[in-house]
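Encoded as structure tokens, the structure appears first; notes follow it.
The values are calculated or read from the model by the stated rules, or taken from the named source; none is laboratory data. Since the structure is predicted, the reported quantities are computational estimates derived from the model, not experimental observations. So basically every Cβ, Gly included, is an ideal-geometry build from the backbone, and we count neighbours across all protein chains shown. With ligands, DNA and RNA removed, areas are computed over all heavy atoms of the protein, side chains included. Shrake-Rupley method; radii C 1.70, N 1.55, O 1.52, S 1.80 Å.
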Amino acid sequence: MTVLARFLVTGAAGFIGRSIVAELLRRGETVRGIDNFLTGKRENLVGLEGMEFLEGDLTDPFVCMRACAGVEIAFHEAALASVPRSVEDPVGTNRNCVDVTVNLLEAARGARVRRVVYAGSSSAYGDTPTLPKHEAMPEHPLSPYGVAKLAGEHYVRSFTRVYGLETVVLRYFNVFGPYQDPASYYSGVLAVFCRKMLAGEQPTIFGDGEQSRDFTYIDNVVHANLLAAEAPAERVSGQVLNTATGIRNTLNDTFRILRELTGYIGDPEYTQARAGDIRDSQADISRAAELMGYVPLVDFREGLRRTVEWYRETEIAEGIFKLHGQRARRVTSVVPALA
Ligand code: UD2
């Protein structure tokens, strides 16, 4: 007998998607995941065998329909992340962030999915100088990636207002933790720094290192997603909620903490700032606290400690760390359609 999945997670082979799936399975839920392996990794699915997994590309509306069939709640994590990648390839970013979101929403509507929780990004705020960033502030995205993630938000909220689909937008602030790919130029800075510093390689800081981020450990993001799925519609549906810690750290300070944790000796190399980069980012998390009782579970230092330990152990255990690197170089955009 086939058990219908109650939950759908898009981008299930990505760092955030696989972490949400793992928690759902731990809670005994039925889960379907989908990924096209454009940036997701097969090895990230290890341990998620209890999930029904579909390999497919959400740019195809039929794939979206297949993914949504019978689902009650969808977590839409699939995207082509990275500010510099979007600066190089705005069309690809648009296709894999905006087109897939519209397709997924339309399929969710058709399949009578009750709620969609959308992975938004702090890049929507852009270079507005005000700190902390509050959801009531006008957005001012700078990079094509920020524009694409914000466009997705607007579509999501439109589907609530026009079609009555329950939706929640979680605006993630610089998420980090185990399973984040450390091997690509487009990887999040903390994954890159952990990998390099544990290997004794010199990390590079783009700019003067005084840029700051509200680095958010993955467990907090998983927690926020489950709250967003469970909270009453009258409190959260149609809302945008920052998902962060509310505290920011500069890259220079972060490097110093990582030096202690990894045992790396030496200084970073400083080079030119990246185009499309934002200077400072810090969230006001009071709205998520008020509407769904969100409080961060793991602070920055503890998150960094756990992350460094994970990369250290993963490197030792069966060379998975190395495998990540090999896979990253073999990324392909040719995705087989679903049978
Ligand atoms: C943006 C979003 C974040 C998420 C992410 C997805 C903001 C504030 N944040 O992250 O929420 O959506 O995009 O990709 O818009 N850097 C170095 N050396 C390196 C790598 C990066 O110095 O080897 C710098 C980089 O120039 C930037 C900072 O580290 O100033 C953070 O970069 P990132 O790529 O980790 O994340 P960011 O802030 O673009």
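Scan the stretch 103-132 for residues that are surrounded by fewer than 24 Cβ atoms within 10 Å (Cβ to Cβ) and more than 19 Å from Leu58 (Cβ to Cβ) and the total you get is 8.
Flag not set for Gly17, criterion: small (Gly, Ala, Ser) and surrounded by fewer than 24 Cβ atoms within 10 Å (Cβ to Cβ). Taking the stretch 33-122 as the region of interest, the helices (runs of 4 or more DSSP H) fully inside it that hold 1 or more residues being of a type in the set (S, T, N, Q) are 83-88, 90-94, 100-110. All conditions in (1) within 12 Å of the ligand (Cβ to nearest atom); (2) surrounded by fewer than 24 Cβ atoms within 10 Å (Cβ to Cβ); (3) not charged (D, E, K, R) hold for Val162, with the sole exception of (1). Of everything in the stretch 82-102 that is under 18 Å from Arg157 (Cβ atoms) and buried (at least 24 other Cβ atoms within 10 Å of the Cβ), the residue that is nearest to the ligand (Cβ to nearest atom) is Cys97.
Conditions tested, residue by residue: (1) in contact with a helix residue (DSSP H, G or I) (Cβ under 9 Å, 6 or more places away or on another chain); (2) under 17 Å from Ile218 (Cβ atoms).
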position	(1), (2)
Ile34	yes, no
Gly47	yes, yes
Phe75	yes, yes
Glu88	no, no
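Taking the stretch 165-176 as the search range and keeping residues that are assigned to a loop (DSSP other than H, G, I, E, B) and within 14 Å of Tyr118 (Cα to Cα), which one is nearest to the ligand (Cβ to nearest atom)? Among those that are assigned to a loop (DSSP other than H, G, I, E, B) and within 14 Å of Tyr118 (Cα to Cα), it is Phe173.
Just one residue in the set Tyr179, Tyr185 is in a loop (DSSP other than H, G, I, E, B) and surrounded by fewer than 20 Cβ atoms within 10 Å (Cβ to Cβ); that residue is Tyr185. Against the numbered list (1) open to solvent by less than 10 Å² (accessible area, probe 1.4 Å); (2) over 20 Å from the mean Cα position of the chain (by Cα), Val31 comes up short only at (2).
Could you list, in sequence order, the residues of the stretch 62-81 that are farther than 18 Å from Val156 by Cα and surrounded by fewer than 21 Cβ atoms within 10 Å (Cβ to Cβ)? Those that are farther than 18 Å from Val156 by Cα and surrounded by fewer than 21 Cβ atoms within 10 Å (Cβ to Cβ): Phe62, Arg66, Ala69, Gly70.
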